[in-house]
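Please treat every number below as a calculation from the coordinates, not as lab data. Fair warning: this is a prediction, and the values are worked out from it, not measured in the lab. Note that each Cβ is placed from the backbone with ideal geometry, even for glycine, and that neighbours are counted across all protein chains shown.
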Amino acid sequence: MKNNLILCFDIGGLGLKVSLYDLDMNEKFRTKFTYKLLEKKTIFDLIKNTYQEVGKDFDITAIAISASGIIDAKNKLMYSLKDSNSKLIQDDLHGYMKWCTIPWFIENDANCALLAEKYFGAAQSKKNICLITIGTALGGALMINEKIYVGSHFMANEIGCGILDNNFTNFKNISVQTGMNGLVEEYNSVYNKNLEGIDILKLAEKDSLSKEYQIVKSRLVKIAQVIINMYFTVDPELILIGGGVSANSWYLEELKKTIKEIEAIVGVPILAEIKSCQFQNDAGKIGALALYLDDKGIKTYE
């Protein structure tokens, strides 16, 4: 069992990350591919080609994949939500992987990120955990009694799809109101600029009286509301902050401060620990490895 090697993939919107791990998370091989808006079939063809090339030098036990979207991990089904009719469309995942003769696994990327933290990272001693990913959009994952909770339709904790807006004629989902894409679009539109999210955050950190700080703060207030509402729904021991901004210590401290400010107004404390995820860019791949371990009942935590 110790000699097993798992080829792990993290499918992102702009690239495919690959690592070959043993069961102790020792990395034997890594590579990545950059692309823009590839069709799913093309991405899975890339996975096939990578498996065949890496398989020339290593005896691969299984393939594990982290991917965005609505995923039924047990039955290996992937769904896309079509905005035009609000219906779930099933992707031909089994057709994409029909070439594969070894065991393969797939799970939602936020769920994989949480599994990575449970098996190898910041959540090993916890049983009830909420994960919030703050990146281009807002996402999340939920673990109850050490098991990923996906709900009846595999959409549990897809908080970015939720609503905070009270404008009944022009609803905007939570991702638009809190994610980095929405921040960039709003800021550049209002101030006629062409800045990236990282630039806006740097300006906000530099001056708490600046327009950049005010627009970032307004979004932090909304993220804080989401976290507080989730806390009182689930009552977790730990709330993890992941995604692209989780490596920004200033942003995380501002978020914690904002939660405390709302706590003081509401008068009810948040007792859960709030901290950044341990894994950043490799979270999807490590989570894919943890997905394999979870399926096999192999625990790396007490």
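Per residue, the chain reaches -12000 deg cm²/dmol at 222 nm when only DSSP H runs of four or more residues are counted, each adding -39500 (n - 2.57). Once you order the gyration tensor axes a ≥ b ≥ c over the Cα atoms, which shape class does segment 166-258 get: rounded for a/c under 1.5, otherwise prolate or oblate by comparing a/b with b/c? Note, shape of segment 166-258 comes out oblate. Shape of segment 220-263 from the C-alpha gyration tensor: oblate (a/c of 1.5 or more and a/b not above b/c, with a ≥ b ≥ c the square roots of its eigenvalues).
Taking the chain as a Gaussian network, Cα atoms linked when under 10 Å apart, which of Leu88, Leu252, Leu20 shows the biggest mean-square fluctuation? Per the Cα network of the chain with a 10 Å cutoff, Leu88 tops the list.
Shape call for segment 127-183 from the C-alpha gyration tensor, a ≥ b ≥ c root eigenvalues: rounded (a/c under 1.5), prolate (a/b greater than b/c) or oblate? Here segment 127-183 falls in the prolate category. Could you grab the relative contact order for the chain? Cα pairs under 8 Å, six or more apart, rounded to a whole percent. It rounds to 20 percent for the chain. Kindly state, to the nearest 0.05, the FRET efficiency for Ile298 paired with Lys41, given R0 = 45 Å and r defined as their beta-carbon distance. After rounding to 0.05, the efficiency reads 0.90. The trypsin sites (Lys or Arg not before Pro) of segment 14-93 that meet both conditions, a loop assignment by DSSP and at most 11 other Cβ atoms within 10 Å of the site Cβ, are Lys36, Lys56, Lys74. Seen against the Cα atoms of the chain and their longest principal axis, helix 40-54 is set at about 50 degrees. Of all beta bridges that DSSP places with both ends in the chain, some 60 percent have antiparallel geometry. Among the chymotrypsin sites (Phe, Trp or Tyr not before Pro) in segment 164-207, those placed in a DSSP loop whose Cβ has at most 12 other Cβ atoms within 10 Å are Phe168, Phe171. Convex hull volume per residue, computed on the Cα atoms of the chain, equals 146 Å³.
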